[in-house]
Amino acid sequence: MSEYMIYPYPKLIVPRPGMLSIKNGSTVAVDAINGVATDELKATAQAFCALAHEALGFRGEVKTRAEKDSDPIRLSIDGMMKAEAYRLDIDDRVTIIGGSRSGLWFALVSFLQLMQSTPRHERPAVAGEPRAFLVPKMNVIDEPRYKWRGSMLDCSRHFFPVAVIKRYLDLMAYHKLNVFHWHLVDDQGWRLEIPNYPKLTEIGAWRLGDSLNGRPYGGFYTAADVGDIVAYAACRGITVVPEIEMPGHSAAALAAYPEFGVAGVEHSVPTTWGIHDKVLAVYKSETEQFIKDVLTEVFRLFPGKYIHLGGDECPREPWQSDPACARFMAENDIPDLKTLHGRFMTRMSQFVVDAGKVPIGWDEVCDAPIPTETWVAAWRRPEFGVAAAKAGHSVVMCPSRVGCYYDYKNLDDPSEPGNLGVCTVDDVGLFDPTDGVPSEFHDRIVGSQGNIWTERIEFGRHLEYMAFPRLSVLADTLWANRHDWNGVGQTRLTGHLAKLADLTVRYYPGPWERHADNG
Ligand code: ACM
């Protein structure tokens, strides 16, 4: 048996002698205890069966209660365990105990990967012949190193249908990633339906550039789509973090409602990339009310704890041309545009805090003082994350130049697709979220995420090529309690790639070598 059959690497594996045979059509029995809704646990077990079917042709039958000793796979919850922790015991049957529904999912993924170790030619046919999956007996005790193990997907620059998002969530969940940061709003498209502001999606979701047969390019997610995605993610241990970008990157919103922008400026949904000067007029009370209304709908749609407010790359100069801005600053004793900007982000963050949620912003939110309840996603350089941690913020360390931007090329080669930079698999393997962070601040680094901007990514298969295996390697760093890229980390990844192939993942195959200009 290979020690490396589970990826990310688990905390502890104790091998037992022998193999357990799991027949196709086996029951997966869920014991509901400690008040956790049975339907939710059942949905998680069914999500496992769906993924195992896709990967292996395995058919599992989910039951709500273990009745017979013969049920080969049994799941239960132990509320005393940490929420994301699990125990997986494979002996004469499979006993899985999770600290929560998430812990159960992570155990099931580990178990699926062990089932995948049955060589392809020995696996049961989908039609269900009696041969079985042979799984090595063992005891696994596992829990993650970091609590924030994420990926951001930009759905503004290109719009990805719900089916593509679900596939992405499946592949994240297969790596025990737990945060889907959904970038829903940017210059080139507003993607979330807001009933009180219908023009956001009637106008703001469509652009005339890259038009298809003369029709505008675009699309948006309805409340029903969001509910579907949020529930799908929750079954798989993933929380969805919506991002409503402000006050920059707001051209699509302003094409719909120019009254929330700088007076006298013309707007349309841009068809070019980059930083635009179409920014929200942060000094207008009606702009503030607009954002509060949008956030109120976001709170209703997204049950998760975290709300991302963007906050990056906002030019302030456009405000200077509006007499209303100067008037507002004089009346409120605001000395400069930076303070004005910071005041707006602070007020919006406070609105999120008052709703009982946690606001997050890109690291520019620290350019002016902002309360420490706001978490900071450090994307420019790790130093911005270190400064935020020292100032008392919790930090998601996801620097663009150091291992976390997967829209960048995999290799510095003209034939590779990618945008703006290079980030090799090796660069990801060498990255650690606490690099350069003084040890007394390590506990403020909550984790990391792989960010995928989609100016040049149009389709789901291309997205997979950009995401994997870079996101696999990041997931290993964030979960495993070891960081061994130059030891056996690369060997473990090679074994894992064969498993990704079972899921027909169109991953970048290599070479992986380090990009000399980074770091
Ligand atoms: C960013 O990449 N502008 C957060």
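The values are calculated or read from the model by the stated rules, or taken from the named source; none is laboratory data. Keep in mind it's a predicted model, so treat the numbers as computed, not measured. Every residue, glycine as well, gets a Cβ built from its backbone with ideal geometry; the counts of neighbours run over all protein chains shown.
Within the range 372-394, track down each residue that is more than 16 Å from the ligand (Cβ to nearest atom), in contact with a strand residue (DSSP E or B) (Cβ under 6 Å, 6 or more places away or on another chain) and among the aliphatic types (A, V, I, L, M).
Ala389
For the range 168-181, indicate whether the set of residues that are among the polar types (S, T, N, Q) and either surrounded by fewer than 18 Cβ atoms within 10 Å (Cβ to Cβ) or within 16 Å of Arg456 (Cα to Cα) (or both) is non-empty. Even if it seems obvious, please write down each step before you answer.
Narrowing the range 168-181 to residues among the polar types (S, T, N, Q): 178.
Applying the additional criterion that residues be either surrounded by fewer than 18 Cβ atoms within 10 Å (Cβ to Cβ) or within 16 Å of Arg456 (Cα to Cα) (or both) yields none.
No.
Which of the residues belonging to the range 404-420 are on the phi > 0 side of the Ramachandran plot and within 14 Å of the ligand (Cβ to nearest atom)? Reasoning before the result, please.
First pass over the range 404-420, keeping only residues on the phi > 0 side of the Ramachandran plot: 418, 420.
If the condition is that a residue be on the phi > 0 side of the Ramachandran plot and within 14 Å of the ligand (Cβ to nearest atom), then Leu420 is the only one that fits.
With the structure loaded, tell me whether Leu104 is in contact with a Leu (Cβ under 8 Å, 6 or more places away or on another chain) and under 18 Å from Val62 (Cβ atoms) or whether it fails that test.
Criteria met by Leu104.
So Pro369 passes all but one of these: (1) within 16 Å of the ligand (Cβ to nearest atom); (2) modelled with pLDDT under 95. Which condition number does it fail?
Evaluating Pro369 over (1) within 16 Å of the ligand (Cβ to nearest atom); (2) modelled with pLDDT under 95 leaves (1) as the failure.
Take the residues in the range 282-314 that are more than 14 Å from His341 (Cα to Cα) and among the basic types (Lys, Arg); name whichever of them is nearest to the ligand (Cβ to nearest atom).
Lys305
Under 6 Å by Cβ, and 6 or more places apart or on different chains, what pairs join a residue from the range 299-324 that is under 17 Å from Asp187 (Cβ atoms) with one that is of a type in the set (Val, Ile, Thr) and within 16 Å of the ligand (Cβ to nearest atom)?
Here the result reads His308/Val241; His308/Ile360; Gly311/Val365; Glu313/Ile275; Cys314/Val279; Pro318/Val279, each pair linking the range 299-324 to a residue that is of a type in the set (Val, Ile, Thr) and within 16 Å of the ligand (Cβ to nearest atom).
Under 6 Å between Cβ atoms, at least 6 apart or on separate chains: pull out the pairs that start in the range 146-167 with a residue that is part of a helix (DSSP H, G or I) and end on any residue that is aliphatic (A, V, I, L, M) and surrounded by 20 or more Cβ atoms within 10 Å (Cβ to Cβ).
From the range 146-167, the pairs are Ile165/Ile229.
Which residue, of Ser76, Ser26, is crowded, with 21+ Cβ neighbours inside 10 Å and either hydroxyl-bearing (Ser, Thr, Tyr) or on the phi > 0 side of the Ramachandran plot (or both)?
From the options Ser76, Ser26, the qualifying one is Ser26.
Can you pull out every residue in the range 387-443 that is outside any loop (DSSP other than H, G, I, E, B), in contact with a Phe, Trp or Tyr (Cβ under 8 Å, 6 or more places away or on another chain) and in contact (Cβ under 8 Å) with a residue 60 or more places away in the chain?
Step one: list which residues in the range 387-443 are outside any loop (DSSP other than H, G, I, E, B), which gives 387-390, 395-397, 400-405, 409, 422, 425-430, 439-443.
Keeping just the survivors that are in contact with a Phe, Trp or Tyr (Cβ under 8 Å, 6 or more places away or on another chain) gives 389-390, 395-396, 400, 402-405, 422, 425-426, 429-430.
Within the range 387-443, Val396, Val402, Gly403, Cys404, Val422, Val425, Asp426, Gly429, Leu430 qualify.
Please count how many residues of the range 215-270 are part of a loop (DSSP other than H, G, I, E, B), touching a residue at least 24 places away in the same chain (Cβ under 8 Å) and of a type outside the set (Gly, Ala, Ser).
11
With the requirement that a residue be surrounded by 14 or more Cβ atoms within 10 Å (Cβ to Cβ) and farther than 30 Å from Arg470 by Cα, what does the range 182-202 give you? Before you say what the answer is, go through the steps one by one.
Let us first name the residues in the range 182-202 that are surrounded by 14 or more Cβ atoms within 10 Å (Cβ to Cβ), namely 182-194, 197, 199-201.
Glu193, Ile194, Tyr197, Lys199, Leu200, Thr201 - these are the residues of the range 182-202 that are surrounded by 14 or more Cβ atoms within 10 Å (Cβ to Cβ) and farther than 30 Å from Arg470 by Cα.
Can you name the residue in the range 26-49 that is in contact with a Gly (Cβ under 9 Å, 6 or more places away or on another chain) and among the small types (Gly, Ala, Ser) and is also modelled with the lowest pLDDT among such residues?
Ranking the qualifying residues of the range 26-49, first place goes to Gly35.
Take the conditions modelled with pLDDT under 95 and away from the ligand (no atom under 15 Å from the Cβ) and apply them to Pro359. Does it pass? Show your work before the answer.
Values: modelled with pLDDT under 95: no; away from the ligand (no atom under 15 Å from the Cβ): yes.
Criteria not met by Pro359.
So which residues in the range 404-420 are under 23 Å from Phe384 (Cβ atoms) and at pLDDT 95 or above, if there are any at all?
Answer for the range 404-420, where residues must be under 23 Å from Phe384 (Cβ atoms) and at pLDDT 95 or above: Cys404, Tyr405, Tyr406, Asp407, Tyr408.
Can you name the number of the only condition in (1) touching a residue at least 60 places away in the same chain (Cβ under 8 Å); (2) buried (at least 20 other Cβ atoms within 10 Å of the Cβ); (3) not small (Gly, Ala, Ser) that Phe384 fails?
Unmet for Phe384, out of (1) touching a residue at least 60 places away in the same chain (Cβ under 8 Å); (2) buried (at least 20 other Cβ atoms within 10 Å of the Cβ); (3) not small (Gly, Ala, Ser): (1).
Please state which one of Thr346, Thr296, Thr372, Thr339 is closer than 13 Å to Pro242 by Cα and without any contact (Cβ under 8 Å) to a residue 60 or more places away in the chain. It would help to see each step written out before you state the result.
Values: Thr346 fails: closer than 13 Å to Pro242 by Cα; Thr372 fails: closer than 13 Å to Pro242 by Cα; Thr339 fails: closer than 13 Å to Pro242 by Cα.
So the residue among Thr346, Thr296, Thr372, Thr339 that is closer than 13 Å to Pro242 by Cα and without any contact (Cβ under 8 Å) to a residue 60 or more places away in the chain is Thr296.
Among the residues of the range 461-489, write down those that are away from the ligand (no atom under 16 Å from the Cβ) and in contact with a Pro (Cβ under 8 Å, 6 or more places away or on another chain).
His462, Tyr465, Ala475, Asp476, Thr477, Leu478, Trp479, Ala480, listed by residue number.
Of the residues Ala498, Ala467, which single one is surrounded by fewer than 15 Cβ atoms within 10 Å (Cβ to Cβ) and over 30 Å from Ala391 (Cα atoms)? Quick ask: steps written out before the conclusion?
Details: Ala467 fails: surrounded by fewer than 15 Cβ atoms within 10 Å (Cβ to Cβ).
It is Ala498.
Inside the range 72-110, can you point out the residues that are out of contact with any strand residue (DSSP E or B) (no Cβ under 8 Å at 6 or more places or on another chain) and among the hydroxyl-bearing types (Ser, Thr, Tyr)? I'd like the intermediate steps shown before the answer.
So the first thing to find is which residues in the range 72-110 are out of contact with any strand residue (DSSP E or B) (no Cβ under 8 Å at 6 or more places or on another chain), and the list is 79-80, 82-84, 102, 109.
Answer for the range 72-110, where residues must be out of contact with any strand residue (DSSP E or B) (no Cβ under 8 Å at 6 or more places or on another chain) and among the hydroxyl-bearing types (Ser, Thr, Tyr): just Ser102.
Please verify whether Glu455 is within 16 Å of the ligand (Cβ to nearest atom), part of a loop (DSSP other than H, G, I, E, B), surrounded by 15 or more Cβ atoms within 10 Å (Cβ to Cβ) and among the acidic types (Asp, Glu), treating the condition exactly as stated.
For Glu455, the condition - within 16 Å of the ligand (Cβ to nearest atom), part of a loop (DSSP other than H, G, I, E, B), surrounded by 15 or more Cβ atoms within 10 Å (Cβ to Cβ) and among the acidic types (Asp, Glu) - is met.
Can you tell me which residue among Ala234, Ala205, Ala253 is crowded, with 20+ Cβ neighbours inside 10 Å and within 18 Å of Met348 (Cβ to Cβ)?
Ala253
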